[in-house]
Amino acid sequence: MIKIDTFIAIETKSIYSHTMEQLQQEFTSIQSNDALQILAKNLTKSKGHFLHGAIIVEIDGVPITSLFDWDDCDLLWPGFLTMIIDYLRDGFGETSISLNNIQWTIEKIRTKPNHLVIFSSKRGMGEMSKGMCTEQDFLQAVLFSAHQYLTLRQQDTRTQTLNGMAEKYKNLSQLAKNCL
């Protein structure tokens, strides 16, 4: 079972807490009732230039990414989708997120009847998490979560930074049809 959710910062800051308990108080899921209000407030504060948040990936109940992996969601999502598109083209994808020195990778394991994927996250000090699931489950979770994020962001008028993500989402949707 794979779960992918996007969290956004409740308040825009330059530094967030160093414990998971505190981070859980500083970020909220985009599925929360007040996500649109928080989004509007943060984008107003940043003049539409960035939105701090994190993409949380859990595989079989094991967190692969966490709130420690926060960055600008408008950079995280296009990078994540680019990595998946690369994976669909040649069986491997990789992305590095600069603010917090995070590296994500995805690779294909060819098995029958379904291919598997190994998704891993490496943080600055060498801490690594990885999980494995079916390719189909992973792609469905990515498409669902990316659609949720795009839908929320499109409810705000400052979507100029999302044109690239929307194009990557369309491209990924087309490529993924062959796997789903």
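The values are calculated or read from the model by the stated rules, or taken from the named source; none is laboratory data. Everything numeric here is computed off the predicted structure, so don't read it as measured data. With ideal geometry, Cβ positions are generated from the backbone for all residues, glycine too; neighbour counts draw on all protein chains shown. Ligands, DNA and RNA are excluded from the accessible area calculation, which covers all protein heavy atoms including side chains. Shrake-Rupley method; radii C 1.70, N 1.55, O 1.52, S 1.80 Å.
Using 0.36 nm per residue and subtracting the Cα-Cα separation, the extra length available between H115 and S14 on full extension is 32.3 nm.
Of all segments of the chain bounded by trypsin sites (Lys or Arg not before Pro) found in a DSSP loop with no more than 13 other C-beta atoms within 10 Å, the longest spans 111-176.
Using alpha-carbon pairs under 8 Å, 6+ residues apart, how would you state the relative contact order of region 90-180 in percent?
Numbers: 100 pairs, mean separation 15.9, N = 91.
17 percent.
What a 1.4 Å probe finds exposed on region 1-85 is 57% carbon and sulfur by accessible area, rounded to a whole percent.
Provide the gained length on full extension for the span N163 to Q22, in nm with one decimal, where the gain is 0.36 nm per separating residue minus the Cα-Cα distance.
Numbers: separation 141, 0.36 × 141 = 50.76 nm, distance 3.30 nm.
Net length gain for the segment: 47.5 nm.
Apply the membrane-span-like helix rule to the chain: whole DSSP H runs, Cα extent along the own long axis of at least 30 Å, mean Kyte-Doolittle hydropathy at least 1.6. List the helices found.
Numbers: long enough: none.
For the chain, where a helix must reach 30 Å along its axis and average at least 1.6, there are no hits.
Name the GluC sites (Glu not before Pro) in region 61-146 that are in a loop by DSSP and that have at most 13 other C-beta atoms within 10 Å, would you? Qualifying residues, ordered by number: E127. Spin-label model, S29/T44: points 7 Å from Cα along the beta carbon direction are separated by 2.6 nm.
The residues of region 7-120 expose, per residue, 49 Å² of accessible area to a 1.4 Å probe.
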